[in-house]
1. Across the range 46-91, which residue is surrounded by the most Cβ atoms within 10 Å (Cβ to Cβ) among those that are part of a loop (DSSP other than H, G, I, E, B) and among the hydroxyl-bearing types (S, T, Y)?
2. Every residue in the range 193-235 that is more than 25 Å from G327 (Cβ to Cβ), touching a residue at least 24 places away in the same chain (Cβ under 8 Å), part of a helix (DSSP H, G or I) and of a type in the set (G, A, S), please.
3. Tally up the residues in the range 271-284 that are buried (at least 16 other Cβ atoms within 10 Å of the Cβ), assigned to a loop (DSSP other than H, G, I, E, B) and of a type in the set (A, V, I, L, M, F, W, C), please.
4. Kindly provide the set of residues from the range 30-40 that are surrounded by fewer than 19 Cβ atoms within 10 Å (Cβ to Cβ) and either closer than 15 Å to V16 by Cβ or not hydrophobic (A, V, I, L, M, F, W, C) (or both), ordered by number.
5. Take the conditions among the aromatic types (F, W, Y), surrounded by fewer than 23 Cβ atoms within 10 Å (Cβ to Cβ) and more than 22 Å from the chain's Cα centre (by Cα) and apply them to Y260. Does it pass?
6. Looking only at the range 116-143, count how many residues are more than 19 Å from I354 (Cβ to Cβ) and in a loop (DSSP other than H, G, I, E, B).
7. Given the condition acidic (D, E) and either touching a Pro at 6+ places or on another chain (Cβ under 6 Å) or in the same structural domain as I116 (by TED's automatic domain parsing) (or both), answer yes or no: does some residue in the range 75-91 qualify?
8. List the number of the failed condition for F43; all other conditions in (1) surrounded by 14 or more Cβ atoms within 10 Å (Cβ to Cβ); (2) touching a residue at least 40 places away in the same chain (Cβ under 8 Å); (3) not aliphatic (A, V, I, L, M) hold.
Amino acid sequence: MHIPQAPVDGSRPMTVPIYQTSGFSFSDPAVMAEAMGSPTGPFVYSRYTNPTVRSLELAVSGLEGGAGAIATGSGMSAINTVLLGLLRPGDHLIAQRALYGGTSAMLSELAARFGISVTHVPGDDPAALRAARRPETRLVYLETISNPTALVADLPGMCAAARELGLLSVVDNTFATPMLCRPIEHGADVVVHSTTKYLSGHSDVVGGLAVIADAGLYERVWHFAIELGASADPFAAWLVVRGLQTLALRMERHCANAEYLATRLAAHPAVTAVHWPGLASHPSYELGRKLLPGFGGVFSFDLAGGRAAGERFMKAVRLAVLAPSLGGVETLVMHPATTSHRSLTAEELAANGIGEGTVRIAVGIEHPEDLWADVSQALA
């Protein structure tokens, strides 16, 4: 709740100011020259960083336990900054099998454009990770909670195996947020977020962020990020800072509402499966209990009537909204096979546990009984 910010003589503003400026002036050319080469020195140009942006970077880096953070223009730009900044043509990376569709599409682009090969393994199988390692392997990519089937990665086991093999580990922590998991504490080298989601929390900004555990690696990626031009806008960063201050309260409600809906959906005759790790029927239930104090606000469920039933359900909701994204205060529903994971083949969808009748629900903070009234009438 208490966001770090640049000092002001004699007093301190109650909120982080928006420094809506492209650059900063100097009286000493030597100081300006020095500022151009450091991520933590004086502010010089907002593509490098900016006082508002740095407040966000310091706040989330502190929450995640990192040496530094880089705020970017979107979650995908954070992912691309890290992958492109750490990999070279001919390298190999190991990624967990269940991933966000945009990430899967980017990994395919890396393979096609740069010859960076990818091997997919389960996110909870360190032995499979070890078996997939090649001489040219550089990096392991994981999601704390996968999209949309909510599989929980074995972060302690997978990150330990990566470190043992001399590999960097990158973890997308968007679904969990630092309130439920801090991957650096489990051995991760880099944590990425789409700040569009829970960190901002109000469906009014697009942004991303990469938190890096090691100071030397942080500076290396920062230099690449400023050349790539992936920087966050000051106003967008300010919106995330504003949302961040209620993150703990919102995550409590998201998790509680998700539990209420998932439990009731699991008992509904129109639903064949519910993919939420807080249910004992979920394959990540035991691992989730060990790693997470809460199981998140996003899950999916399968309808008995397949795609036609899914379309009828999404047309019938009244309180929930048919829309992409997640992490805002309102509940959203979508059909992963034709939206977030549309780039996957039928075989890849099946391998990720996504069926024609799978509906993803990003549970908001509305009253749980209002949510269930809406969902149950749509199921009917």
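1. Restricting attention to the range 46-91, the residues satisfying the condition of being part of a loop (DSSP other than H, G, I, E, B) are 46-50, 65-67, 73-74, 87-91.
Now narrow it down to the ones that are among the hydroxyl-bearing types (S, T, Y): 46, 48-49, 74.
Values: S46: 21, Y48: 21, T49: 26, S74: 19.
Applying the filter and picking the extreme gives T49.
2. Selection gives A215 alone.
3. 2
4. As a first pass, look at the range 30-40 and keep what is surrounded by fewer than 19 Cβ atoms within 10 Å (Cβ to Cβ): 30-38, 40.
Passing the criteria: E34, G37, S38, T40.
5. Numbers: among the aromatic types (F, W, Y): yes; surrounded by fewer than 23 Cβ atoms within 10 Å (Cβ to Cβ): yes; more than 22 Å from the chain's Cα centre (by Cα): yes.
Criteria met by Y260.
6. Number satisfying all stated conditions: 6.
7. Yes, because at least one residue in the range 75-91 is acidic (D, E) and either touching a Pro at 6+ places or on another chain (Cβ under 6 Å) or in the same structural domain as I116 (by TED's automatic domain parsing) (or both).
8. Going through the list (1) surrounded by 14 or more Cβ atoms within 10 Å (Cβ to Cβ); (2) touching a residue at least 40 places away in the same chain (Cβ under 8 Å); (3) not aliphatic (A, V, I, L, M), F43 breaks only (2).
The values are calculated or read from the model by the stated rules, or taken from the named source; none is laboratory data. Keep in mind that this is a model prediction, so the values were computed, not measured. Virtual Cβ from ideal backbone geometry, glycine too; neighbours counted across all protein chains shown.
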